[in-house]
Every structure is written in structure tokens, then in C-alpha cells.
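**Q** Take this structure, written in C-alpha cells, and hold onto it; I'll ask about it next.
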Amino acid sequence: MATTLTINGQERSFDAPPEMPLLWVLRDILGLTGTKFGCGMAQCGACTVHVDGKPVRSCVLPVGNLQSRTITTIEGIGATPVGAGVQKAWLDLEVVQCGYCQSGQIMSAAALLASTPDPDDSDIDAAMAGNICRCGTYVRIRAAIKQAAATQKS
């Protein structure tokens with residue numbers, strides 16, 4: 001049975017069992033490979049996408065639970081002013097090292113700034129908890145979030 005979801009502003013139809021995790025629909029069926037598989041248990045944050053503007057872990061989210069919900073992936077976050085600002089800050093500060101976790105990091109940071117435009121360190125810590133970076137780029141991630149927030153204000 002065909003399912004239709006709004007993903008990155010476009011209606012996308014596909015055939016998948018309702019229990020299939022959104023991550024696999026995005027990557028394997030729709031070819032949106034920017035969202036990464038990390039742990040498969042919603043613990044590392046590599047698979048983070050937005051559902052109705054909120055960050056969620058797509059590796060454990062059954063696609064059958066998403067009717068009439070709006071999904072944004074790393075491929076679409078740059079179309080939003082906040083997402084574009086976060087991506088620019090990431091590039092300006094050369095946050096990425098290996099890059100594997102960065103799509104999830106950017107999605108979590110964009111959700112934070114959309115809800116809290118001027119976050120303090122505790123806001124950043126809370127929003128980014130559960131996003132693991134094996135390369136340890138946390139200092140640059142925090143700096144990029146602060147730069148994106150400052151740019152948003154001006």
C-alpha cells in the first residue's frame with residue numbers, strides 16, 4: 001500500500017510496511033542519504049530529522065506513525081532561515097571533522113535555534129545531549145550554534 005508523506009516541502013509517495021523505520025524509507029526507498037544510521041537505538045543522534053519542526057530519531061520511528069506530519073531532513077533544512085544560518089556557521093567555523101554525525105548535529109542545532117533563538121550554554125547542552133561526535137568537535141559545535149544565534153539576531 002502506498003504511503004504519502006510531506007518531506008522537505010514535497011509530497012513523496014512510496015511503498016513500505018508501516019513498521020519500517022523512517023530512516024530506511026528516507027535512505028533506501030527515497031534516496032535521501034544525508035540522514036545517517038549510527039546506533040539503531042536512538043542513542044547517538046546521527047539519524048536526527050525534524051517531524052513537525054521537532055528533532056526526532058528516525059531509526060526507531062515507524063513510518064506508519066507519520067501520516068499528515070511534515071518531515072524535514074538535512075537535505076531540506078537549508079531552505080529555512082535558521083537551518084541556512086546553522087549550515088553557514090558550521091562551514092565558517094569548520095566544525096566538521098569526519099562528518100558522519102554532522103547531519104544529526106545540524107538538525108538538533110536548528111531545532112534548538114528555532115525554539116530558543118538566544119540559547120545559553122545549558123540550553124545548548126540540553127538540546128545537543130544524545131548527539132555523539134566520535135571526533136570530539138563539541139567545542140566547535142557550541143561555537144557554531146552561538147554564531148548562528150548571533151547572526152539570527154542581526
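**Q** List, please: which pairs have Cβ atoms under 8 Å, are six or more places apart or on different chains, and start with a residue in the stretch 110-139 that is charged (D, E, K, R) and end with one that is part of a helix (DSSP H, G or I) and surrounded by fewer than 21 Cβ atoms within 10 Å (Cβ to Cβ)?
**A** Matching pairs, first to second residue: Asp118/Lys153; Asp121/Arg142.
**Q** Taking into account only those residues within the stretch 1-33 that are touching a Gly at 6+ places or on another chain (Cβ under 9 Å) and of a type in the set (S, T, N, Q), which is most open to solvent (accessible area, probe 1.4 Å)?
**A** Checking each candidate, the answer is Gln10.
**Q** What is the residue count in the stretch 111-134 for residues that are among the β-branched types (Val, Ile, Thr) and in a loop (DSSP other than H, G, I, E, B)?
**A** Matching residues across the stretch 111-134 total 2.
**Q** Checking the structure you have, find out if any residue of the stretch 135-142 is assigned to a helix (DSSP H, G or I) and in contact with a Ser or Thr (Cβ under 8 Å, 6 or more places away or on another chain).
**A** no
**Q** Can you find, within the stretch 109-123, the residue that is nearest to Gln87 (Cα to Cα) among those that are touching a Ser or Thr at 6+ places or on another chain (Cβ under 9 Å) and surrounded by fewer than 22 Cβ atoms within 10 Å (Cβ to Cβ)?
**A** That would be Ala114.
**Q** Can you tell me how many residues within the stretch 94-104 are assigned to a loop (DSSP other than H, G, I, E, B) and hydroxyl-bearing (Ser, Thr, Tyr)?
**A** 1
**Q** With within 30 Å of Asp15 (Cα to Cα), assigned by TED's automatic domain parsing to the domain that holds Arg27, of a type in the set (A, V, I, L, M) and touching a Lys or Arg at 6+ places or on another chain (Cβ under 9 Å) as the only criterion, which of Val56, Val51, Val60 stands out?
**A** Sole residue among the options that is within 30 Å of Asp15 (Cα to Cα), assigned by TED's automatic domain parsing to the domain that holds Arg27, of a type in the set (A, V, I, L, M) and touching a Lys or Arg at 6+ places or on another chain (Cβ under 9 Å): Val51.
The values are calculated or read from the model by the stated rules, or taken from the named source; none is laboratory data. On a predicted model such as this, the values are computed, not experimentally measured, just so you know. With ideal geometry, Cβ positions are generated from the backbone for all residues, glycine too; neighbour counts draw on all protein chains shown. Note: areas computed on protein heavy atoms with side chains; ligands, DNA, RNA excluded. Shrake-Rupley method; radii C 1.70, N 1.55, O 1.52, S 1.80 Å.
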